[in-house]
Amino acid sequence: MSIAELFLLAVGLSMDALAVSICKGLSLRNIKVKHMLIAGAWFGGFQALMPTVGYVLGSFFADLVSKWSHWIAFVLLLFIGGSMIKESFGEEEEVDADMSFKVMFLLAVATSIEALVGVSFAFLKLSTLYIILAVLFIGCITFICSAVGVKIGSIFGTKYKSKAELAGGIILILIGVKVVLDGLGIL
């Protein structure tokens, strides 16, 4: 997986967090740097944690399914990307200004579930150093997107929420297609 592919994966995974951050920014009256940092830390932290958990879980099964790994990664990315695209056409969700531990924890978990895609890292037989760098990169990209999302929300509102989810879903599906084509020796 190249740096460009990793960047696209990180951006794709961060789109749910960006969308929720935009809504948070819309609901807050006076945006402070503190609000941006809180959103960035919660969402970026969980976007880094989930691929790590996925990688650890996937490592136990990688040897058993290595010949099918590209298909597994493809199906996971297709499912997650499709889910994000479907959500982009759905009803707008209500997000309030509450940034308490409980609320942010639940939102961080909800927006990072798809980052369990880290399970596919185990199937792709990537080095431990690469996994660490990938997880940090995903977390940092999500931190930035989420922090900026709060500010964007205060300026533009929910106008771009569904577009962000749609873009994230498309990116994940395209990465899945590339993974399966690589696995089949086509690319």
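Please treat every number below as a calculation from the coordinates, not as lab data. Please read these numbers as outputs of a predicted model, since none were measured by experiment. Heads up, the Cβs are rebuilt from the backbone with ideal geometry, glycines too, and the neighbour counts pull from every protein chain shown.
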* Asked: Between Trp68 and Phe137, what length in nm is gained on full extension when 0.36 nm per residue of separation is reduced by their alpha carbon distance?
  -> 22.2 nm
* To do: For Phe89 and Ser127, calculate 0.36 nm times their separation in residues minus their Cα-Cα distance, and state this gained length in nm to one decimal.
  => 9.9 nm
* **Potential extension, Phe60-Leu187 segment - 0.36 nm per residue separation minus Cα distance** => 43.0 nm
* Structure fact -> Plugging the Cβ-Cβ distance of Val177 and Ile113 into 1/(1 + (r/R0)^6) at R0 = 22 Å yields, to the nearest 0.05, a FRET efficiency of 0.50
* How would you order 140-152, 7-19, 31-43, 78-90 from highest to lowest mean count of nearby Cβ atoms within 10 Å? -> 7-19, 140-152, 31-43, 78-90
